[in-house]
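Undergrad: One structure, as C-alpha cells, below. Some questions next.
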Amino acid sequence: MKVTFIGLGNMGSPMARNLLDAGHELTVYNRTRSRAEAFRPLGARVAATPGEAAGDAEVLISMLADDRAVEDILFAPHNALQVLPAGAIHVGMSTISVALSRRLAEAHESRGQSYLAAPVMGRPDAAAAARLFVIAAGPAEQIEKCRPLFDALGQRTFIAGQKAPAANVFKLAANFLITTVIESLAEASALVQKSDLDPAAFLEFLTESLFSAPIYRTYGGMIASQDFEPVGFRLPLGLKDNRLLLEAAGAMEVPMPMASLVRDRFLSGLARGMGEADWSAIARIAHQDAGLA
C-alpha cells in the first residue's frame, strides 16, 4: 500500500519503521527534516512539504503532537488536504480534540476522501515492538482497508464506532484513567514509604494480587523506584490531553472532578520545572507533599 506518514517523533518514527518492515511503500514528512532524512536509507521517499508528501498517497497517516500541528498539516498553505487524492484515506493517529476530529471528518468528506480516527495506546517501546493498541473509528469499509496497516503497528485494533470522534473520546477517557492510576499509586506509595516500608514489596503485593494489569506494573515500578527515565510521554503533552478531556466533558456536561485534580498536578509539575519530565513524574509531588525527599 502507498502510505504517507507525517510526524516522526518518539512514537511516529518506530511506527513508520514498522510499516516499512511490513513492505508498504512509504513517503515521510517531518517538520524537522533530519528525522525524515533518516528514513531515506531505509527505502522511504522524503517529501519537502505536507502537500508533496500527500500527493499520491492511498493512505495518509498523521502522528502529531496536538491540534495545532494537525491543523498546520491539513489546513495551512501547502497543506495535505488540498492534494490528497479523492478516495484516499487520512488516518489520524494523534491524540487530538473531539471537535477537530469532527472537523477533519467533514473536510475530507467534502473532497471525496475518507477520515479515520485511530489514536493508539502505548509508550515508545510498545511502538517499536509493534505492540500498540489501536482505537479506530470511522466507516467500517475504510477501517477494514486499513487493517493491514493497523496490524503492522499494533497487537490489537478496537473499533469505537462509525463516526471518527468516537475514537478520540475513547482515547481521552483512557488517558484520564492512566493519570488517575499514576496519582493514586503515588499517594499510596508515599504512605508506604512514610511508614518506613519497602515500596518494592508493596508493588509486588499489588501486581501479584488484585492489581496485575500492565498499567500498574509499568507505572508502579517507576514510582516505587522514583525513576522516570526514559521519558516516554512528556508532562506538557499529558496536560494537553487533560485539557482536551475536560473540554470534551464540558461540552457533554459531564463533571470530572478527578480530571481537575490531575490538571492541578500537571500545572504544579510545570511550575516546579518538570516540563521535560515524563508525565508520571507528577508522582514526585505526592512524595514531596508527604515530606519525602
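Undergrad: Can you name the number of the only condition in (1) at pLDDT 95 or above; (2) assigned to a loop (DSSP other than H, G, I, E, B); (3) touching a helix residue (DSSP H, G or I) at 6+ places or on another chain (Cβ under 6 Å) that Ala86 fails?
TA: In the conditions (1) at pLDDT 95 or above; (2) assigned to a loop (DSSP other than H, G, I, E, B); (3) touching a helix residue (DSSP H, G or I) at 6+ places or on another chain (Cβ under 6 Å), Ala86 misses (3) alone.
Undergrad: Same structure, new question: Which one of the conditions (1) among the small types (Gly, Ala, Ser); (2) exposed (fewer than 12 other Cβ atoms within 10 Å of the Cβ); (3) without any contact (Cβ under 8 Å) to a residue 40 or more places away in the chain does Ala251 fail to meet, given that it meets all the rest?
TA: (3)
Undergrad: Look through segment 27-64, keep the residues that are of a type in the set (Lys, Arg) and touching a strand residue (DSSP E or B) at 6+ places or on another chain (Cβ under 6 Å), and return whichever of them is surrounded by the most Cβ atoms within 10 Å (Cβ to Cβ).
TA: Residues of segment 27-64 of a type in the set (Lys, Arg): 31, 33, 35, 40, 45.
Add one more test, that the residue is touching a strand residue (DSSP E or B) at 6+ places or on another chain (Cβ under 6 Å), and what stays is 40, 45.
Numbers: Arg40: 11, Arg45: 17.
Per the stated criteria, the residue is Arg45.
Undergrad: Oh, and also: For the structure I just gave you, tell me whether Leu104 is under 21 Å from Asn175 (Cβ atoms), touching a helix residue (DSSP H, G or I) at 6+ places or on another chain (Cβ under 8 Å), touching a residue at least 60 places away in the same chain (Cβ under 8 Å) and not β-branched (Val, Ile, Thr).
TA: yes
Undergrad: Moving to a separate point now. Which of the residues that make up segment 217-229 are free of Cβ contacts under 8 Å to residues at least 40 places away in the same chain and either on the phi > 0 side of the Ramachandran plot or not in a helix (DSSP H, G or I) (or both)? Steps first, answer last, please.
TA: From segment 217-229, those free of Cβ contacts under 8 Å to residues at least 40 places away in the same chain are 217, 220-221, 224-225, 227; that's our starting set.
Correct list: Asp227 only.
Undergrad: So is Ser97 assigned by TED's automatic domain parsing to the domain that holds Asn30 and over 20 Å from His24 (Cβ atoms) or not?
TA: yes
Undergrad: Within segment 136-183, how many residues turn out to be basic (Lys, Arg), within 19 Å of Thr95 (Cβ to Cβ) and either in contact with a Pro (Cβ under 8 Å, 6 or more places away or on another chain) or outside any strand (DSSP E or B) (or both)?
TA: 2
Undergrad: OK, next. Go through (1) part of a loop (DSSP other than H, G, I, E, B); (2) within 20 Å of the chain's Cα centre (by Cα) and name the single condition Leu245 misses.
TA: All conditions are met except number (1).
Undergrad: Which one is surrounded by the most Cβ atoms within 10 Å (Cβ to Cβ) among residues in segment 265-293 that are under 15 Å from Glu187 (Cα atoms) and free of Cβ contacts under 8 Å to residues at least 24 places away in the same chain?
TA: Checking each candidate, the answer is Gln288.
Undergrad: Turning to a different aspect of this structure: Can you tell me which residue is farthest from Leu172 (Cα to Cα) among those in segment 254-264 that are among the aliphatic types (A, V, I, L, M) and either touching a residue at least 24 places away in the same chain (Cβ under 8 Å) or in a helix (DSSP H, G or I) (or both)?
TA: Checked segment 254-264; the qualifying residue farthest from Leu172 (Cα to Cα) is Leu261.
Undergrad: Could you grab me the full set of residues in segment 209-221 that are surrounded by fewer than 19 Cβ atoms within 10 Å (Cβ to Cβ) and more than 18 Å from the chain's Cα centre (by Cα)?
TA: Ser209, Leu210, Phe211, Ser212, Ala213, Tyr216, Arg217, Gly221 - these are the residues of segment 209-221 that are surrounded by fewer than 19 Cβ atoms within 10 Å (Cβ to Cβ) and more than 18 Å from the chain's Cα centre (by Cα).
Undergrad: Could you count how many residues in segment 1-26 are of a type in the set (Gly, Ala, Ser) and crowded, with 24+ Cβ neighbours inside 10 Å?
TA: Filtering segment 1-26 for residues of a type in the set (Gly, Ala, Ser) gives 7, 9, 12-13, 16, 22-23.
Now narrow it down to the ones that are crowded, with 24+ Cβ neighbours inside 10 Å: 7, 12, 16.
Count: 3.
Results for (1) among the hydroxyl-bearing types (Ser, Thr, Tyr); (2) under 18 Å from Gly232 (Cβ atoms); (3) not in a strand (DSSP E or B), shown as yes or no for each residue.
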site: Leu8; (1), (2), (3): no, yes, yes
site: Ser13; (1), (2), (3): yes, yes, yes
site: Ala16; (1), (2), (3): no, yes, yes
site: Leu19; (1), (2), (3): no, no, yes
site: Leu26; (1), (2), (3): no, no, no
site: Arg31; (1), (2), (3): no, no, yes
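The values are calculated or read from the model by the stated rules, or taken from the named source; none is laboratory data. This one's a predicted model, so the numbers in the text were calculated from it and none came from an experiment. We place every Cβ from the backbone using ideal geometry, glycine too, and count neighbours over all the protein chains shown.
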